[in-house]
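Please treat every number below as a calculation from the coordinates, not as lab data. Computed from a prediction, not measured in an experiment: that's the story for all the values here. Glycine gets a Cβ as well: all are built from the backbone with ideal geometry, and neighbour counts include every protein chain shown.
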Amino acid sequence: MPDKLNYRQPILLLGSCFTENMGEKLMQHKFNVLQNPNGILFNPISVKEAVENYIGNKQIGENDIFFLQEGWHSWQHHSRFSSPDPQKAIEQINCSTQQAHHFLKSGAAVIITLGSAWVYELTEKAIGALPGKVAANNHKAPADWFHRRLLNVGELQEILLQVIKKLQAFNPSLKIIFTISPVRHLREGFVENNRSKALLIHAVHEVVEQFNHLYYFPAYELVIDDLRDYRFYAEDMVHPNYAATQYVWQKFIDCCIDESSQLFIQKINEINAAKNHRAFNPESEAHKKFLVLTHQKLLSLKAQFPEINLEEEFNYFKT
């Protein structure tokens, strides 16, 4: 990736739960990050609709949500936006959309992680939606509210082209990085999961090759083909574990982050390690010296990187 990211650039992350793994890593290292303003999104259609809503700063009302099992929900949002109070659900969604709108205006990079080419279209039995619309989250609704369908490669390419063109029209300076989530959707079936991932990979590569400032980061291939071992998965044998996520994170740094930011990451790692240190004797001279040295490192870091907000770290080591 010739045009690498740096810690000064806002980064918007959209997509599957693996997006949030990378987003958390970036946040721990003091990058300016906004992740999943709609909550976790697995399929490309829901990603496209989310992007359109951010660009247009779409504000919703009570007609855009529905009531099910003692809560109000949106078919375009994760259940973390749901609430027993409809006004609270609406307010949360509108605030998040507005934040994403302003973030995209100033944003330098968008990282989109696609999880599945399977979509769940709402049937005529579903409350609060037009039949045929795609649900971003099922909200534990009855199975007959949905019709499962696999997007074909032509549909996928068209969806991705629309996302790219709308983002670039809204902010021509945006860099866009696509990844495919290494989380396997085995509830769809082993064969079905592999068909889905293959379609996503093919469609993304076809589209990325058509544009400048578009990149593909091989998170899926690093876990599936490079690590290739169940010891890199959590107990559910589906989600990559800490070791796998750490491995992909290091590859992401090497590939996508510029040298000055890599230096900053090394230094903030030292501070994070110091924060996680638990003293055997907090009153000892050795521990007091450790705190003083860490505070000096913070002062040096602030002098080198004055744009970074280190208030939390300074407050921690003051106490």
Fill in: Computed Rg/Rh of the chain, alpha carbon atoms with Kirkwood Rh
1.00
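Expressed in nm to one decimal, what extension gain is obtained for the pair residue 314 and residue 124 from 0.36 nm per residue of sequence separation less their Cα-Cα distance?
Values: separation 190, 0.36 × 190 = 68.40 nm, distance 5.61 nm.
Working it through step by step, the gained length comes to 62.8 nm.
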Response to the item:
The FRET efficiency for residue 255 and residue 143, from their Cβ-Cβ distance with R0 = 35 Å and rounded to 0.05, is 0.30
Item to complete: Starting with the fewest neighbours, write out 62, 311, 20 ranked by other beta-carbon atoms found within 10 Å of each beta-carbon.
Response: 311, 62, 20
Worksheet entry | FRET efficiency, residue 158 to residue 213 (Cβ-Cβ, R0 25 Å, nearest 0.05) | 0.80
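Just to be sure I understand the rule: take each whole DSSP H helix in the chain, project its Cα atoms onto its long axis, keep it if the span is 24 Å or more and its mean Kyte-Doolittle hydropathy is at least -1.0. Which ones pass? If you can, show how the numbers build up before the last one.
Values: long enough: 86-106 (31 Å, -0.83); 153-170 (26 Å, 0.64); 190-208 (27 Å, 0.30); 259-276 (26 Å, -0.57); 285-304 (29 Å, -0.22).
The qualifying helices are 86-106, 153-170, 190-208, 259-276, 285-304.
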Worksheet item: Are any of the pairs 165/251; 25/275; 175/275; 267/289; 4/267; 166/197 more than 22 Å apart by Cα-Cα distance, and if so, which?
Response: 165/251; 175/275; 166/197
Discussion item. How compact is region 258-319 by the rule of thumb for globular proteins, expressed as Cα Rg over 2.2 N^0.38 Å?
Written reply: 1.17
Discussion item. Between residue 300 and residue 98, what is the label-point separation in nm under the 7 Å Cα-to-beta-carbon projection?
Written reply: 4.4
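Tell me the relative contact order for region 11-257 as a rounded percent, counting alpha carbon contacts under 8 Å between residues six or more apart.
Working: 415 pairs, mean separation 48.0, N = 247.
Contact order relative to length: 19 percent.
Looking at region 220-290, which trypsin sites (Lys or Arg not before Pro) are in a loop (DSSP not H, G, I, E or B) and have at most 12 other Cβ atoms within 10 Å? Provide the component values of the computation, followed by the final result.
Details: sites: 228, 231, 251, 267, 275, 278, 288, 289; in loops: 228, 278.
Counting only loop positions with at most 12 other Cβ atoms within 10 Å, the trypsin sites (Lys or Arg not before Pro) in region 220-290 are 228, 278.
Where both residues lie in the chain, what percent of DSSP beta bridges are antiparallel, nearest 5? Numbers along the way, then the final one.
On the way: 11 of 29 bridges.
Expressed as a percentage, antiparallel bridges in the chain total about 40.
At 0.36 nm per residue, minus the direct Cα-Cα distance, what do residue 79 and residue 266 gain on full extension? Give it in nm, one decimal, please.
Details: separation 187, 0.36 × 187 = 67.32 nm, distance 3.59 nm.
Gain on extension, residue 79 to residue 266, equals 63.7 nm.
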Discussion item. Sort 127-138, 296-307 by the packing proxy (mean of other Cβ within 10 Å over each peptide's residues), most packed first.
Written reply: 127-138, 296-307
Practice prompt. For residue 289 paired with residue 238, estimate the spin-label separation in nm (one decimal), with each label point 7 Å from Cα along the Cα-to-Cβ line.
Written response: 5.2
Worksheet, complete the sentence: Farthest towards the positive end of the dipole of the chain, among 75, 92, 139 and with Cβ unit charges of +1 on Lys and Arg and -1 on Asp and Glu, lies the Cα of 92
Discussion item. Bin width 10 Å, origin at 0, all Cα-Cα pairs of region 123-216: what percent of pairs per bin?
Written reply: 13, 35, 34, 17, 1
Worksheet item: So which residue, out of 44, 84, 142, gets the largest mean-square fluctuation from a GNM of the chain using Cα contacts under 10 Å as springs?
Response: 142
